[in-house]
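Derivation of every value follows stated rules applied to the coordinates shown; laboratory data play no part. None of these values were measured; they are calculated from a predicted model. Ideal geometry is used to build each Cβ from the backbone, glycine not excepted, and the neighbour counts take in all protein chains shown.
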Amino acid sequence: MKPVIDRKDPIKVSLFRLLLYIGLLVTDLLAFLYILLKIYKILVFTKIILNQLPLFNPYIWPISLIKKLTKPYFKFCRHTIPRIYVGKRKFDVSMVLGLEFLSVARSLILALRTWLLELILKGVATLPPC
């Protein structure tokens, strides 16, 4: 494989290394975002389960925190996803679809991070030997 960058040109080498570091920083940020979305998905799932169990007091500390953290997301989902009408009944499926949207977003972030890491590794492989 022919090297893309000549080691004799220090400006090109420095620029290439800077781009590699930026790429690695972006992949680390994507990994952090992936973990945040995973934690938020657990909170959303917990909120959905706790809504089905009426025995829990929604005003005690851990449950009220989960409610406060997930309320804006559910409000957004409720306003963007219409209810499904079956005869005279209407079903609110926004919670379940919102949960699935988080799964899709996590998968896309993981795929983007994998693609970016492969691109970075190809760039490192094209560096000439020292």
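Some notes on this structure:
- Inter-residue pairs, beta-carbon under 6 Å, first closer than 15 Å to Leu119 by Cβ and in region 14-34, second of a type in the set (D, E, K, R), 6+ apart: Thr27/Arg113; Leu30/Arg113
- Taking every residue in region 63-76 that is without any contact (Cβ under 8 Å) to a residue 24 or more places away in the chain and pairing it with any residue that is surrounded by 12 or more Cβ atoms within 10 Å (Cβ to Cβ) and charged (D, E, K, R), at least 6 positions away or on another chain, the pairs with Cβ-Cβ distances below 7 Å are Ile66/Lys47; Lys67/Lys47.
- Top-ranked residue of region 79-126 - restricted to ones that are surrounded by 15 or more Cβ atoms within 10 Å (Cβ to Cβ) and among the small types (Gly, Ala, Ser), ranked as nearest to Leu37 (Cα to Cα): Ala105
- With respect to the conditions (1) surrounded by fewer than 14 Cβ atoms within 10 Å (Cβ to Cβ); (2) closer than 30 Å to Leu25 by Cα; (3) aromatic (Phe, Trp, Tyr), Tyr73 falls short on a single one, namely (1).
- Within region 60-84, the set of residues being farther than 16 Å from Phe101 by Cα and aliphatic (A, V, I, L, M) comprises Ile60, Ile63, Leu65, Ile66, Leu69, Ile84.
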